[in-house]
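Down below is the structure, laid out as structure tokens.
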Amino acid sequence: MRKLIPALGLLALTGCDIPSEFLQRMESQSKYEYYEASEFWADGRAMRHPPEGTIAREQPVGNPGMTTGSVNGVLVTAIPVKVDRNLLQLGQKKYSIVCAQCHGVLGDGNSVVAENMGLRLPPSLLELSGKPAGHFYTAITQGYGVMPSFAGELNTQERWAVVAYVRALQAARGGAAGAQPLPQENR
Ligand code: HEC
């Protein structure tokens, strides 16, 4: 292989056509296509069933309120995970990394990005304290209008942690930060 790499480089430099079966070995190698027959397996099929009990990556498991933010189409009002100091600290960390650049460190929508955003401004999250917890979770998970989904950045626990932290920001509004108790649902 060591000798092959400079040789390949030369080939590329000279502009020679490299036979595609050389570069596309995975494409051209012998393999089974969907639904093709196979003599290897007793049932004569090349396609295999996933092992018993396999769960698709996208399939929500457990409590739908926790994984999707709503139950039977109704947004959950309470945060479905235990809200404690650790969760809030996780939420603060993740909020600072993922949300603050747009919604502001305090959640009030004041951020450098917001100042320079032309299309639609990130709203103040403090104004939304009347919205159910599931609204925030769903916005993070699915995106909201021009805001993209952050499901790739935050797992379920981290998303609820961010929601809990947003709730704390809302609760702290109007008083010294941290001076106000958390809303009922977060106790
Ligand atoms: C790139 C900037 C950006 C980032 C990062 C961002 N948002 Fe947003 N967010 C927006 C914009 C812009 C809107 C308004 C979208 C619209 O109305 O089309 C919005 C809307 C929302 C809404 C819905 C507001 C409403 O009116 O109900 C929520 C909730 C929200 N964001 C929460 C978050 C949270 C939590 C995070 C971090 C996980 C986050 N956003 C990260 C820009 C951002």
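The values are calculated or read from the model by the stated rules, or taken from the named source; none is laboratory data. The structure presented is a predicted model; accordingly, all values stated were derived computationally and were not measured. For neighbour counting, all protein chains shown are included, and Cβ atoms are generated from backbone atoms with ideal geometry for every residue, glycine included. Side chains included, ligands, DNA and RNA excluded: accessible areas come from the protein's heavy atoms. Shrake-Rupley method; radii C 1.70, N 1.55, O 1.52, S 1.80 Å.
Would you confirm whether any residue within segment 164-174 is β-branched (V, I, T), at pLDDT 95 or above, open to solvent by less than 20 Å² (accessible area, probe 1.4 Å) and under 23 Å from R120 (Cα atoms)?
yes
Mind listing whichever residues of segment 67-77 are open to solvent by 50 Å² or more (accessible area, probe 1.4 Å) and touching a Lys or Arg at 6+ places or on another chain (Cβ under 9 Å)?
L75
Would you point out the residue of segment 109-136, among those that are touching a residue at least 24 places away in the same chain (Cβ under 8 Å) and more than 9 Å from the ligand (Cβ to nearest atom), that is farthest from N72 (Cα to Cα)?
If we take residues in segment 109-136 being touching a residue at least 24 places away in the same chain (Cβ under 8 Å) and more than 9 Å from the ligand (Cβ to nearest atom), then L126 is farthest from N72 (Cα to Cα).
Of the residues in segment 78-107, how many are open to solvent by less than 90 Å² (accessible area, probe 1.4 Å) and in a helix (DSSP H, G or I)?
Count: 14.
Of (1) more than 18 Å from Y137 (Cβ to Cβ); (2) assigned to a loop (DSSP other than H, G, I, E, B); (3) at pLDDT 90 or above, P123 satisfies all except one. Which?
The number of the failed condition is (1).
Quick test of your reading of the structure: G134 fulfils all but one of (1) in contact with a strand residue (DSSP E or B) (Cβ under 9 Å, 6 or more places away or on another chain); (2) at pLDDT below 95; (3) open to solvent by less than 90 Å² (accessible area, probe 1.4 Å). Name the failing condition by number.
Going through the list (1) in contact with a strand residue (DSSP E or B) (Cβ under 9 Å, 6 or more places away or on another chain); (2) at pLDDT below 95; (3) open to solvent by less than 90 Å² (accessible area, probe 1.4 Å), G134 breaks only (2).
For T141, indicate whether it is within 13 Å of the chain's Cα centre (by Cα) and not in a strand (DSSP E or B).
Taking the combined requirement at face value, the residue satisfies it.
Are there any pairs, at least 6 apart or on different chains, whose C-beta atoms fall under 7 Å, with the first in segment 150-161 and of a type in the set (S, T, N, Q) and the second open to solvent by 30 Å² or more (accessible area, probe 1.4 Å), and if so, which?
T156/M66; T156/T67
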